[in-house]
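Taking it in order: structure first as structure tokens, then the write-up.
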Amino acid sequence: MPEYRQAYCPVCFMSHGRINTRMPGKPYIKLSSESFWERACRIADPYHPFGSIQEMGVGRGTSGAMVGHFDIDDDPDGYYPFVKKRLLGAVTEWIAKGWLTVAEVETALAPWKS
């Protein structure tokens with residue numbers, strides 16, 4: 001029987017595997033498939049904002065429309081400390097499991113060392 005494997009995000013625990021591009025108007029026709037994680041690494045933008053702002057409850061078919069972004073200095077819901085804690089926890093957990101080394105973390109942080 002075929003299997004579909006997905007990797008958990010170490011920060012938010014959502015799982016992702018392959019993503020499919022489908023033909024507009026004919027969603028049953030798959031045009032291509034790629035790894036979510038490979039795509040995320042390819043399109044990662046270090047300058048993207050912290051969060052998104054969506055407009056909710058404005059009528060049928062329009063709810064959830066993106067209306068802007070916010071940064072950590074404009075975080076009225078207080079998400080930043082929790083995301084930061086989870087990110088650091090994920091790094092710590094991966095080091096403890098042997099999935100990541102301190103040397104790899106240090107190499108990644110090298111551009112910011114003074």
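Read-outs: derived from the displayed coordinates by stated rules, not from any lab. All values reported here derive from a predicted model rather than from experimental measurement. Note that we place each Cβ from the backbone using ideal geometry, even for glycine, and neighbour counts take in every protein chain shown.
All other residues whose Cβ lies under 14 angstrom from that of Arg39 are scored, Lys and Arg at +1 and Asp and Glu at -1, for a net of -1. Legend: Rg and Dmax of the range 1-44, from Cα coordinates, 12.5, 35 Å. In this structure the amide hydrogen of Leu100, modeled in the peptide plane, comes within under 5 Å of the amide hydrogens of Ile95, none closer than 5 places in sequence on its chain.
Taken over the range 6-114, the convex hull of the Cα atoms encloses 170 Å³ per residue.
Our helix-only sum for the chain, with -39,500 (n - 2.57) per DSSP H run of n ≥ 4 divided by its residues, gives a mean residue ellipticity at 222 nm of -9500 deg cm²/dmol.
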